[in-house]
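Chemist: I'd like to ask you about the structure that follows.
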Amino acid sequence: MFVVGKCIVSEDIKDIKFCCDIPKCKGSCCIEGDCGAPLKKQEIKTIEEILPIIKPYIKKESWDIIEQRGFFEKFPSQDIATSIINGKDCVFLFYDEKKIAKCAIEKAFEEGKIPFKKPISCHLYPLRVQDYGEFLAINYHKWSVCKDALVKGKKEDKALYKILEEPLKRAFGKKWYEELVLQIESK
């Protein structure tokens with residue numbers, strides 16, 4: 001394991017080769033599972049503020065859910081996460097012309113309409129962060145829907161810590177990331 005600041009990071013971040021293969025998985029991580037994307041309290045406020053801007057990107061069925069019960073809820077396995085439709089789709093999910101699941105928040109960000117890319121839990125995936133008060137645990141979440149990402153990651157020799165540089169810097173800062181890289185590459 002690696003210890004950076006108050007974070008305990010699994011060795012998987014160095015050892016696992018991973019590179020999303022969206023054309024093959026079709027964005028399954030936004031569809032499958034027992035709850036939506038975990039949210040931080042400050043992300044709820046941000047999403048509330050941008051909701052009118054991202055509304056055109058949200059499916060009608062999703063917007064109906066958002067109006068009825070909100071865009072987030074408490075799940076037994078998570079503190080707070082995005083609401084889901086019919087026990088699977090995230091409310092911010094839409095499908096492109098190739099039937100690939102996309103994020104309405106990220107689409108608005110890519111078009112320059114909002115400054116918020118997407119929830120950090122989505123950006124960091126397949127890493128999951130658990131807060132234990134005194135420290136954070138950062139672990140790789142192994143899931144069958146990502147089997148193609150493991151194949152592509154091995155083929156392209158992409159370690160998790162390299163492929164997730166941007167979200168790790170976003171979550172923990174540039175200096176934190178540089179310390180992580182230093183520890184990984186000195187082992």
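The values are calculated or read from the model by the stated rules, or taken from the named source; none is laboratory data. Computed from a predicted model, the values in this text were never measured in an experiment. When we count neighbours, we look across all protein chains shown, and the Cβ atoms used for this are built from the backbone with ideal geometry, even at glycine. Note: areas computed on protein heavy atoms with side chains; ligands, DNA, RNA excluded. Shrake-Rupley method; radii C 1.70, N 1.55, O 1.52, S 1.80 Å.
Chemist: Quick check: residue separation of LYS99 and THR46 times 0.36 nm, minus the Cα distance between them. What number comes out in nm?
Modeler: Here the answer is 16.3 nm.
Chemist: Okay, moving on. Here are some pairs, LYS60/LYS118; LYS147/LYS169; LYS17/LYS59; which of them have Cα atoms lying more than 30 Å apart in this structure?
Modeler: From the list (LYS60/LYS118; LYS147/LYS169; LYS17/LYS59), the Cα-Cα distance tops 30 Å for LYS17/LYS59.
Chemist: By how many nm would the segment from ARG128 to GLU67 lengthen if fully extended, with 0.36 nm per residue of separation less the alpha-carbon distance?
Modeler: Gain on extension, ARG128 to GLU67, equals 19.1 nm.
Chemist: Starting from the 7 Å offset along Cα-to-Cβ, what nm value, one decimal, do you get for the label separation of GLU166 and LYS6?
Modeler: Each label point lies 7 Å from its Cα, and together they span 2.8 nm.
Chemist: May I ask you to list the aspartates and glutamates whose Cα is less than 13 Å away from that of LYS175, ignoring any residue fewer than eight positions away on the same chain?
Modeler: Result set, ordered by chain and number: GLU165, GLU166.
Chemist: Taking the inverse of the average 1/r across all pairs of different Cα atoms in segment 40-112, what Kirkwood radius in Å do you get?
Modeler: When all Cα pairs of segment 40-112 are included, the Kirkwood radius is 12.7 Å.
Chemist: OK, next. Please work out the average accessible area per residue across the chain, using the 1.4 Å probe convention, and give it in Å².
Modeler: Here the residues of the chain average 57 Å² of exposed surface.
Chemist: Heavy atoms only, probe 1.4 Å: what % of the accessible area of the chain goes to carbon and sulfur, would you let me know?
Modeler: In the chain, the share of accessible area belonging to carbon and sulfur is 52 percent.
Chemist: Can I ask one more? Given the chain, report the % of alpha carbon pairs whose separation exceeds 22 Å. Kindly include the intermediate steps, with their values, before the conclusion.
Modeler: Numbers: 8426 of 17391 pairs.
Of the Cα pairs, 48 percent sit more than 22 Å apart.
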